[in-house]
Amino acid sequence: MKKDMVALVTGGSRGIGRAVCVELSKQVTKIAVVYSGNQDAAEETKKLVEEAGAECRIYQCNVADFTQTAELVKKVSEELGTVDILVNNAGITKDKLMLSMKEDEFDSVIDVNLKGAFNLIRHTASGMIKKRYGKIINITSIAGLIGNPGQANYAASKAGLIGLTKTVAKELASRNVCCNAVAPGFVDTDMTEKFKTDEKILATIPQKRVGKPEEVAKLVAFLASDAADYITGETIRIDGGLAI
C-alpha cells in the first residue's frame, strides 16, 4: 500500500531523475518533479508518474539559487504537503582538463551539483524535523570517490556531496531523518551518451555494460523506504564493479 507522503526529486525531467520519480510513485502518493528548463520533458515525467497512480506536479527552479529553492519548497508544501522524501539528483557537467578550465566552468558545476543539494536540504529539513521523519538521498558519482581526468569541477562537487551527506546524517539522525548517497558509475542517460558504446570505457567495467536508470532508481527507492530506516550516512556505489 502506498504511503501518503510527498517526494521531491530535482532533475526529475529525464534520465535517472525520471526513473526515480516513476519508481517512487509505486510507494508514495505525491511526487514533486523539479526541472531546470525542459518543460516538455517534465510533462512527460508527470504523465508517467500519474499513469503509475500517484499525484504529480512539476516545478521549474534553478536549484543553485537559495531564494528560488526556498520559494519552491514553500510552494510544494502548500500544494502537496510537507516534503517527506528529498532526492537531490540535479546535476550538470562542464568537462575540461583542469589547466584549461575557466573559473565560471568550475563555479557553475559546484553551484548546481553541491550548493543545489545544500539549498534543498536546508529548506526541507525543518519540516522533516518537525514530523520527526525524513529521507534524504543525494545522487553523487563514483567520480567523487575516485576522481576522473577532465572532471575536476564535477568530481569536486560529487566528493563534496558525500561529505555533505555524512554531516547531514550526523546532524539529523536523532530526529529520525536519514541521509544517504548513491554513487552511480556509467549509466545510460543523455549525460553519458558518448561513453555507453565506448569499448575502452566498457573494458574498465567488470560487468562490461553501462547501468540502467531504473537500476539506480530501485536503489534510491529502497533508501527512501522503511526497510532502510537504520541506514544513514552511507554512500552506496552502483557501478557494475567499476570502482572495486
Q: Could you please tell me which pairs satisfy a Cβ distance under 7 Å, a separation of 6+ or placement on different chains, a first residue in segment 232-244 that is closer than 20 Å to Ile16 by Cα, and a second residue that is open to solvent by 30 Å² or more (accessible area, probe 1.4 Å) and basic (Lys, Arg)?
A: Gly240/Arg209; Ala243/Arg237
Q.
Among the residues in segment 44-51, are any loosely packed, with under 15 Cβ neighbours inside 10 Å and under 29 Å from Glu234 (Cα atoms)?
A. no
**Q.** Given (1) buried (at least 17 other Cβ atoms within 10 Å of the Cβ); (2) touching a residue at least 60 places away in the same chain (Cβ under 8 Å); (3) not polar (S, T, N, Q), number of the condition Ala181 does not satisfy
**A.** (2)
Q) Which one of these does Lys135 not meet: (1) in contact with a Ser or Thr (Cβ under 7 Å, 6 or more places away or on another chain); (2) crowded, with 16+ Cβ neighbours inside 10 Å? A) (1)
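Listed here are the residues, each with its yes/no results for (1) β-branched (Val, Ile, Thr); (2) closer than 18 Å to Phe118 by Cα.
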site: Met5; (1), (2): no, no
site: Arg14; (1), (2): no, no
site: Arg18; (1), (2): no, no
site: Ile31; (1), (2): yes, no
site: Ser36; (1), (2): no, yes
Q. Checking Val220 against (1) assigned to a loop (DSSP other than H, G, I, E, B); (2) of a type in the set (Val, Ile, Thr); (3) crowded, with 22+ Cβ neighbours inside 10 Å, which test does it fail?
A. (1)
Q) Do you know which of the residues in segment 115-125 that are more than 14 Å from Asp65 (Cβ to Cβ) and not hydroxyl-bearing (Ser, Thr, Tyr) is farthest from the chain's Cα centre (by Cα)? A) Ala125
Q) When segment 1-13 is examined, which residues are found to be open to solvent by 20 Å² or more (accessible area, probe 1.4 Å) and in contact with a strand residue (DSSP E or B) (Cβ under 8 Å, 6 or more places away or on another chain)? A) Lys2, Lys3, Asp4, Met5, Gly11
Q) Looking only at segment 146-161, which residues are in a helix (DSSP H, G or I) and surrounded by fewer than 18 Cβ atoms within 10 Å (Cβ to Cβ)? A) Ile146
**Q.** Subset tally (residues that are over 17 Å from Leu223 (Cα atoms) and open to solvent by less than 10 Å² (accessible area, probe 1.4 Å)) for segment 14-43
**A.** 4
Q.
When the residues of segment 188-211 are narrowed to those that are in a loop (DSSP other than H, G, I, E, B) and modelled with pLDDT under 90, which ends up surrounded by the most Cβ atoms within 10 Å (Cβ to Cβ)?
A. Thr189
Q | Verdict on Glu234 being surrounded by 15 or more Cβ atoms within 10 Å (Cβ to Cβ) and among the acidic types (Asp, Glu) | A | yes
Q) Is there any pair linking a residue in segment 217-229 that is in contact (Cβ under 8 Å) with a residue 24 or more places away in the chain and within 16 Å of Lys2 (Cα to Cα) to one that is open to solvent by 70 Å² or more (accessible area, probe 1.4 Å) and not polar (S, T, N, Q), with Cβ under 9 Å and at least six apart or on different chains, and which? A) Ala221/Lys26; Leu223/Glu234
Q: Scan segment 65-120 for residues that are more than 30 Å from Glu55 (Cα to Cα) and hydrophobic (A, V, I, L, M, F, W, C) and report the count.
A: 7
Q. In segment 88-106, what residues are open to solvent by less than 70 Å² (accessible area, probe 1.4 Å), within 29 Å of Ala70 (Cβ to Cβ) and in contact (Cβ under 8 Å) with a residue 24 or more places away in the chain?
A. Asn88, Asn89, Ala90, Gly91, Thr93, Glu105
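The values are calculated or read from the model by the stated rules, or taken from the named source; none is laboratory data. Nothing here was measured: the structure is a model prediction, and the numbers come from that model. Please note: Cβ atoms are built from the backbone with ideal geometry, for glycine as well, and neighbour counts cover all protein chains shown. These area figures cover heavy atoms from the full protein model, side chains too; ligands, DNA and RNA do not enter into them. Shrake-Rupley method; radii C 1.70, N 1.55, O 1.52, S 1.80 Å.
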